[in-house]
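The structure appears right after this line, and notes come after that.
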Amino acid sequence: MRFIPALPASADGLKAFSFTYVQYDPTDPLGKPLALTALFPIFIMVSYATLIAARRDVYLASVCLGQLLGEAFNLGLKRIVKEPRPTTFLGGDYGMPSSHAQFMAYFATFSVLHLHLRTSYKNPIWKHVLSLGTVLIAGLVAFSRVYLHYHTATQVLAGIQIGTILGLVWYLFSTRILLPFLVDTCKILEHPLCVQFCIRDTSDVGDLSLCEYEGIRKWEQECALRDRSLAGTGVGKSVLESAMKKKM
């Protein structure tokens, strides 16, 4: 096929996709576990895409937008600062600031702010448990970048600082300006397309899991009461038969 390039004779001249390509010392017992932490940003981006598609939530979409803008900002800073990495054969490109550290710092900052300012779990300890877990994971990713010699400590600390600031600024901007403007002023959720695709805003829902659980339980109870009220009348059977005929 003409649109398929010719088979290369060797790996010379080819470039690996560095975002998922991590090298480590196989003799080091911590090498592989820490190398796997480099995949956390990918897991988070996949989670963003999955949850946005499943929940169709503008609040979550705004969080993801801030994450992407942060990555673009990081790429621009690297091109401006042009500080090399500790080695020439790990990571390639420039290293100041660390994109992994910045990514995780943004995610951890936004998550902690959301947990403590916008959630209302029945047991408040979950806020602290989830916040601590998120911060520990972010710290582990940042540590792995220095341990595996992909960044200097200064580059990682710079990434953490920038990510933390971006997470704080974007949280305040999205919750106090962006979402109120889109949802309350522009009323985008009332647009026919948003209604058609069930777009919603869950930024003010204290416990989303409990809210969904209670909503489904209420719906199930209403269905059960309706079915019992129609028992013996033949109404439910006739409705089912008419629906089957339409499908046929």
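The values are calculated or read from the model by the stated rules, or taken from the named source; none is laboratory data. Please read these numbers as outputs of a predicted model, since none were measured by experiment. Don't worry about glycine lacking a Cβ; one is built from the backbone with ideal geometry, like all the others, and counts go over all protein chains shown. We work out accessible area using only protein heavy atoms, side chains counted, and drop any ligands, DNA or RNA first. Shrake-Rupley method; radii C 1.70, N 1.55, O 1.52, S 1.80 Å.
Here are the numbers for this structure:
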| item | result |
| --- | --- |
| Whole-angstrom gap from the range 153-214 to the range 105-122, using each part's C-alpha centre | 11 |
| Proximal aspartates and glutamates relative to Lys82, as straight alpha-carbon distance under 18 Å, when same-chain residues fewer than 8 apart are discounted | Glu71, Asp93 |
| Proximal aspartates and glutamates relative to Lys122, as straight alpha-carbon distance under 17 Å, when same-chain residues fewer than 8 apart are discounted | Asp204, Asp207, Glu212, Glu214 |
| Per-residue SASA entry for Lys32, accessible area with 1.4 Å probe, Å² rounded to 10 | 110 |
| Å² of accessible area per residue within the range 46-128, as computed with a 1.4 Å probe and no ligands counted | 51 |
| Stretch gain in nm, segment Leu39-Glu71, where the contour uses 0.36 nm per residue and the Cα spacing is subtracted | 10.0 nm |
| Solvent accessible area, Å² - Trp219, 1.4 Å probe, full protein context | 150 |
| Pairwise label distance in nanometres, Val135 with Cys223, each label 7 Å out on the Cα-Cβ vector | 4.3 |
| Accessible-area composition of the range 186-229, carbon plus sulfur, in percent [1.4 Å probe] | 59 |
